[in-house]
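The values are calculated or read from the model by the stated rules, or taken from the named source; none is laboratory data. This is a predicted model, so every value here is computed, not measured. Cβ: placed from backbone, ideal geometry, glycine included. Neighbour counts: every protein chain shown.
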Amino acid sequence: MSTQPNTPLMPKATAVWLVENTALSFEQIAAFCRLHPLEVKAIADGEAAQGIKGLDPVISGQLTREEIERAQRDLKYRLKLADRKVKVPEAKRRGPRYTPVSRRQDRPNAILWLLRNHPELKDAAVMRLVGTTKTTIQQIRERSHWNAANLSPMDPVTLGLCTQLDLDLEVERAAKGLPRREEGDPGAAILLPVNETTSAPALGDFAREEEAEPELDADKIFAKLKSMQAPAAKDEDDDGV
């Protein structure tokens, strides 16, 4: 249950502690905890909030001792919630983004634009951007949407369905999940990691390849050339005879 502005955390538990540990009136406690005075009276009589452990608002930083003492001296005084020293971040939005009624007719066009221009986006990302459902995305992708013939791709940022920052973040997030090359594509080359190209085993492979390559022997090559030239010279002498 969400609390209203200037309402203490865990109002009933705070009311239990104030009833048990202060001389504040039921009206003062009720006004501070956003409860009805009769409910505070029921807490004091043990008819309500049974089993609830009291929450000290001083320890939690919601009240000061001086504020309580001032209210006990003046029963007409109303307690004021102390300024919070730590700001609690707002809860992140969950579920599809809310789309104004005037913009809902543009969502199919925005979905079509996202599917064509950013096919790397997953359905969940499209749902977050334009506030749609997985079923609608599938229908538009398969061209089975009831208005598929009249759809035209339109930028969701231009339509006001999301901000450019939201779109860029989703695209960047989707790009990080893409493989470095597609499987089965022989033309897509990738660079090997540095640790693989500079590791000892890799350098050893190059050394073995160099060792395996036979060295050229100049003496053997000249001897073979001489042996090939000798028969040729003998044939010339025979022709001269």
Item to check | Check on Gln50, within 14 Å of Thr7 (Cα to Cα) and not aliphatic (A, V, I, L, M) | outcome: no
Checklist outcome for this item: Restricting attention to the range 120-142, the residues that are of a type in the set (Asp, Glu) and more than 21 Å from the chain's Cα centre (by Cα) number exactly 1
Checklist entry - For the range 62-81, which residues satisfy the criterion of being in a loop (DSSP other than H, G, I, E, B), in contact (Cβ under 8 Å) with a residue 24 or more places away in the chain and of a type in the set (S, T, N, Q)? => result Gln62
Checklist entry - With respect to the numbered conditions (1) surrounded by 17 or more Cβ atoms within 10 Å (Cβ to Cβ); (2) farther than 15 Å from Leu112 by Cβ, which one is the sole condition not fulfilled by Leu129? => result (2)
Item to check | Residue satisfying condition, being assigned to a loop (DSSP other than H, G, I, E, B), modelled with pLDDT under 85 and hydrophobic (A, V, I, L, M, F, W, C), within set Ala175, Ala188 | outcome: Ala188
Checklist entry - Among (1) outside any helix (DSSP H, G or I); (2) surrounded by 13 or more Cβ atoms within 10 Å (Cβ to Cβ); (3) modelled with pLDDT of 90 or more, where does Arg143 come up short? => result (2)
Checklist outcome for this item: If you go through Ile52, Ile68, the only one that is over 18 Å from Leu81 (Cα atoms) and among the β-branched types (Val, Ile, Thr) is Ile52
Next on the checklist: Just to be sure I understand the filter: pairs with C-beta atoms under 8 Å, separated by 6 or more residues or on different chains, first member in the range 18-47 and modelled with pLDDT under 90, second member surrounded by fewer than 20 Cβ atoms within 10 Å (Cβ to Cβ) and among the hydroxyl-bearing types (Ser, Thr, Tyr). Which pairs pass?
Outcome noted: Arg34/Thr3; Arg34/Thr7
Next on the checklist: Of the conditions (1) assigned to a helix (DSSP H, G or I); (2) of a type outside the set (Val, Ile, Thr); (3) buried (at least 19 other Cβ atoms within 10 Å of the Cβ), Pro8 satisfies every one except a single condition; which number is it?
Outcome noted: (1)
Next on the checklist: Can you tell me which condition Ala124 does not meet? The list is (1) in contact with a helix residue (DSSP H, G or I) (Cβ under 6 Å, 6 or more places away or on another chain); (2) assigned to a helix (DSSP H, G or I), and all the others hold.
Outcome noted: (1)
Checklist outcome for this item: Checked the range 23-49 for anything part of a loop (DSSP other than H, G, I, E, B), of a type in the set (A, V, I, L, M, F, W, C) and closer than 24 Å to Asp83 by Cα; matches are Ala23, Leu24, Leu35
Checklist entry - Does Arg128 satisfy being out of contact with any Lys or Arg (no Cβ under 8 Å at 6 or more places or on another chain), among the charged types (D, E, K, R) and modelled with pLDDT of 90 or more? => result no
